[in-house]
1. Explain nothing, just the number: relative contact order of region B:31-145, from Cα pairs under 8 Å at least 6 residues apart, as a whole percent.
2. Considering only C-alpha atoms, what is the centroid distance from region A:1-53 to region A:106-163, in Å?
3. Where a ≥ b ≥ c are the square roots of the eigenvalues of the C-alpha gyration tensor, would you call the protein assembly as shown rounded, which needs a/c under 1.5, or, failing that, prolate if a/b is larger than b/c, or oblate?
4. Within 10 Å of each residue's Cβ, count the other Cβ atoms and sort B:27, B:124 from fewest upward.
5. Give the aspartates and glutamates whose C-alpha is closer than 14 Å to that of residue B:48, dropping any in the same chain fewer than 8 places away, or say none.
6. May I ask for the angle, rounded to the nearest 10°, between helix B:249-273 and the longest principal axis of chain B, with both axes built from Cα atoms and the value confined to 0 to 90°?
7. Dipole magnitude of region B:49-182 about its Cα centre, charges +1 at Lys/Arg Cβ and -1 at Asp/Glu Cβ only, in debye to the nearest 20?
8. Pop out the ³J(HN,Hα) list for region A:94-101 in order, Karplus 6.51 cos²θ - 1.76 cosθ + 1.60 with θ = phi - 60°, rounded to Hz; leave Gly and Pro as x.
Amino acid sequence: MKRALNLFLTIIFILPFVFFLVLSFASEYYYPEMFPANLTISHFVQMIQTDSSILECLFTSLIISLSTACLSTLFGFIVSKSLAYHSKKKLFQMICYLPFAFSPVIFAYCLNYFFNSFDLSGNAFGIILAQFIVTFPFALILFMNHWSVNLKASEQLVYTLGGSVWQTYKLILIPMSKSIIIICFFQTFLISWFDYGLTSVIGLSKVQTLTIRMYQYINESNIYFAALGSCLLIFPPIILLWMNKNMVFKT
Amino acid sequence: MKSSTLNLVIFICLVILPLASGLVFAILYSFGLFGALSLGFTFEYWYKLLYDQTVWSSLLLSLTVALVSICIAVFIALMLSLYYRDYKISRSKIIFYLPLILPPIILSFWTFSFLGNSGIVSRICFNLGLISDIDSFPSLINDSYYLGVILSMIFSTFPVFTLLFLSFYESENIKSYERLAFTLGGTASQLKRKVAIPILLHRARPNIILYFIFLFGAFELPLILGRQSPRMISVLIHSKFNKFNIYELPEAYALSLIYASVVVFTIILLFNKK
């Protein structure tokens with residue numbers, strides 16, 4: 001029974017991935033056929049030769065997500081230490097949940113005026129900043145729970161032995177926090193990578209990321225390119241998950 | 001400046017300031033104190049909004065969809081985690097992570113391809129002779145019951161809670177409580193109903209509430225899989241902002257504030273209960 005259930009769950013979880021992969025190679029997938037009549041690499045060729053912008057979308061998405069994840073992880077790690085040891089830690093945590101819990105698209109509309117005023121709408125920098133406003137509190141939540149009495153004691157020991165702030169971070173705090181830093185980077189990358197709401201409002205559809213392009217394909221009912229876009233969108237998270245599988249699964 | 005003070009200033013500038021400025025701007029706009037067509041302080045937009053039937057049906061719909069999805073997802077996750085509790089699932093655990101790397105926009109495309117009129121299920125039904133043509137397949141996408149949206153939400157949520165419950169089962173040492181209850185004469189069903197499930201639900205309550213908020217404000221799934229009327233709250237706000245009629249902007253901000261107040265109230269409640 002357990003084996004059957006395992007098999008069922010495996011099928012329903014793997015099916016979307018297989019479907020997108022097959023559909024991205026398909027050319028004639030008409031109703032009521034179960035499988036496409038032809039498999040071809042023409043969509044990939046077309047994507048590279050004629051619709052090269054999808055590769056630009058991939059590149060733009062990667063730049064935006066990597067920048068957002070790096071900035072959030074870096075700032076989150078440093079700033080969270082002071083907040084975690086503060087007497088108002090609970091209040092700070094509660095505030096951090098708000099930007100993260102808001103629907104990104106509604107939050108983006110509320111902030112849009114300021115982004116327009118500072119000429120940050122319609123460019124990649126504005127999107128990075130907007131996503132940072134959401135991912136930074138998330139990083140703070142993750143790191144605030146990480147700072148402990150043990151870590152503080154180790155840090156104070158280094159200072160007592162004459163270590164500098166830089167040495168404390170380099171030799172004690174960063175090595176001891178390696179796993180949570182990687183998890184934070186992974187999570188913030190995913191939040192940014194999957195974002196559609198903030199990007200569409202702040203980017204004014206001028207900045208073409210993969211999610212924006214995917215929405216266009218779905219709207220146009222271009223299922224083959226939508227499947228191809230899905231594969232591109234899913235690929236980096238799979239790689240990240242695979243690279244960090246030991247750490248992620250343990251946590 | 002001390003590093004802790006500097007960090008506090010960064011926190012205020014990057015977390016509190018954007019949040020507060022966005023909300024204050026929305027308040028000013030909704031009361032007619034800001035905007036291109038501002039005529040001074042007025043309750044007009046709020047009155048209009050509060051007497052608008054679509055707003056209430058949208059709020060009710062969002063609450064219902066989020067509540068139904070989270071309840072079913074938590075129920076499935078509880079059943080699965082209790083079923084898998086003694087089973088070495090570490091290897092097969094990887095499959096539970098797979099739905100988590102599907103962004104909402106891809107998930108909606110998948111649901112469309114799977115449950116749509118020309119989707120995989122419809123093709124299977126046709127080939128099995130259960131339906132005669134494409135139109136005889138019941139519409140599960142853009143339907144009045146939001147089935148497509150609910151099913152997608154369940155699909156993306158229950159693996160998270162299964163993993164969460166499995167980890168809580170170990171970290172809370174529920175096994176030992178179950179053994180104790182068993183020694184005291186509890187039956188297998190009582191162990192589940194009166195020991196394991198209450199502990200798991202109690203421990204996961206903050207996560208359940210947070211997920212409820214996420215689902216309540218979900219945007220991409222109802223945008224692609226939902227109906228034109230009634231719309232879920234995020235989609236309704238999005239459509240009000242996107243209309244060419246700028247007279248609707250104050251209403252859109254007022255509606256955003258109603259949504260924000262639900263989120264803020266829930267978060268405060270969550271932290272006070274904690």
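1. Once divided by the residue count of region B:31-145, the mean separation gives 11 percent.
2. Cα centroid to Cα centroid, the span is 38 Å.
3. It is rounded, given that a/c, with a ≥ b ≥ c, falls under 1.5.
4. Fewest-to-most ranking of B:27, B:124: B:124, B:27.
5. Residue B:48 reaches B:248, B:251.
6. Approximately 40 degrees, to the nearest 10.
7. Dipole size: approximately 600 debye.
8. Each residue of region A:94-101 in turn: 4, 5, 5, 5, 5, x, 6, 7 Hz.
Every number here is computed from the coordinates shown, using simple stated rules; none is lab data. In this text, all values refer to a predicted model and were calculated from it rather than measured experimentally. Cβ sites come from the backbone with ideal geometry, for glycine too, and all protein chains shown count toward neighbours.
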